[in-house]
Amino acid sequence: MKQFYFFVVLLVVSVGLGGCAETKILEEVGLTTLVGYDLAKEDGVESTAIIRQVGTELQSKVSIITAENATIQGTRAKVNRRAAEKLESGQLRGVLFGDEFAKKGIGHSIDTSLKNPAISEGMLLAVVEGDTKSLLEYEYPSIDEIGQHIHKLLDQNIKSEQVISSTLHEVSYDYYAVGRDIALPIIKRDEELVDISGIALFKKDKMVGTLLVDDSFYVKLSRDDYHNGTHELKVKGDELSSTLLKDPPDEISLVFDPIKTHRNLKLVDLKQPEFDMNISIQARILEIKDNINIGDAKSAEELEKAISKKLKSEISRVIAYCQEIGSDVFGYGEYYRSSVRNSELTEEKWREMYKEMKVNVNIDFTLIRSGVFE
């Protein structure tokens, strides 16, 4: 029995000592919170790292270090040699790509991040209009720490469904899946602020086009169900029934809040291919500029038809543009592969089929009530 207790104590002490060997003193390390990648000379990489170092009294200071090298790991080593403390990636919250870097391809960066066990799969990715260095090095008077600020900016807009989600987990899934492409938020400096300005569309790992940030709503509706957020829509006056407005303006602006949406996708032709996409939306009108009596059942029905028609047109426009540039951010190819037995679908085969793909968009928009408090 004494021998048993001796071995138990020995095991506990060994585990404790082993744990101590891996302990990192916070004051002795620099925490990389965000990194940006730009193209350097001769197709090299320029990395700009935001580094937070915590002092003995839990006060922190932030530094920005830039380095160039032939590879991502090479720039990381160079940044580490220029830092006063050993750098750790465990607090990395975001990776940004300059637009020229994104056009050359981000696949290697995704692969490198996935191989690093210290990096969370919840880390957010985004593209920057222009280069990341100038965005990150700019001195913003109202922003204390640009790395943390950008992460919070992306995170809260993703949670409120104002922009598509771009975690490392989701992006890597889109990258490695056959028949599905990457879409990332685009950010830019707008004078003294950082703004989300659009969506970057990829073909495999290369950025091939962009959409306005408002089009994120149509991309999300076409990819999956929408649960949160608001959307502003402009409907042309000649698309409105005379029962709504006798003398309508050129267009009316309205804001609606989707309470519940559901997307149903069905493959109806294997050869072309052709899909039926039915989207149902239950929403409330939060604001409408013109004097339309939505409380009247007939007026509400006419407005529902006008909104449905406009949404169908906008979604069809976005799909057509994505086909034109060859970016399947909706995952139609993935759905086709899972729906057709023994399809043996390859990336190259789907690229050719995607050009001729047809999607029949049907929208069923229903007003459940007008305004938040009615």
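Please treat every number below as a calculation from the coordinates, not as lab data. Since this is a predicted model, take the numbers as computed values, not measurements. Heads up, the Cβs are rebuilt from the backbone with ideal geometry, glycines too, and the neighbour counts pull from every protein chain shown.
So I have [x] 45, 26, 23; [y] 38, 23, 19; [z] 38, 26, 16, and one of them is semi-axes √(5λ) of the Cα gyration tensor in Å calculated from this model. Which one is it? This structure yields the entry labelled [x]. As a proxy for reagent exposure, ranking Thr75, Thr230 by other Cβ atoms within 10 Å from fewest up yields Thr230, Thr75.
As a calculated quantity, the FRET efficiency between Lys86 and Ser160 at R0 = 35 Å, using C-beta atoms, amounts to about 0.40. Taking the DSSP beta bridges with both ends in region 23-219, the antiparallel portion is around 70 percent. For region 155-168, backbone phi angles converted through the Karplus equation (6.51, -1.76, 1.60; θ = phi - 60°) give residue-by-residue couplings of 4, 6, 6, 5, 5, 8, 6, 7, 8, 5, 6, 9, 5, 4 Hz, Gly and Pro being listed as x. Among the listed pairs Lys188/Lys355; Lys271/Lys309; Lys260/Lys310, a Cα-Cα separation exceeding 20 Å is found for Lys188/Lys355; Lys271/Lys309.
Karplus-derived 3J(HN,Hα) values for region 33-48, using 6.51 cos²θ - 1.76 cosθ + 1.60 with θ = phi - 60°, are 9, 7, 9, x, 10, 10, 6, 10, 5, 6, 6, x, 10, 10, 9, 10 Hz; glycine and proline are entered as x. For the chain, the 222 nm mean residue ellipticity estimated from helices alone, with every DSSP H stretch of n ≥ 4 adding -39500 (n - 2.57) and the total spread over all residues, rounds to -11000 deg cm²/dmol. Residues of region 253-269 with an amide N closer than 19 Å to a point placed 7 Å from the Cα of Lys236 along the Cα-to-Cβ direction: 253-254. Derived scalar couplings between HN and Hα for region 343-349 equal 5, 6, 6, 10, 4, 5, 5 Hz in order, rounded to whole Hz, by the Karplus curve 6.51 cos²θ - 1.76 cosθ + 1.60 (θ = phi - 60°), x for Gly and Pro.
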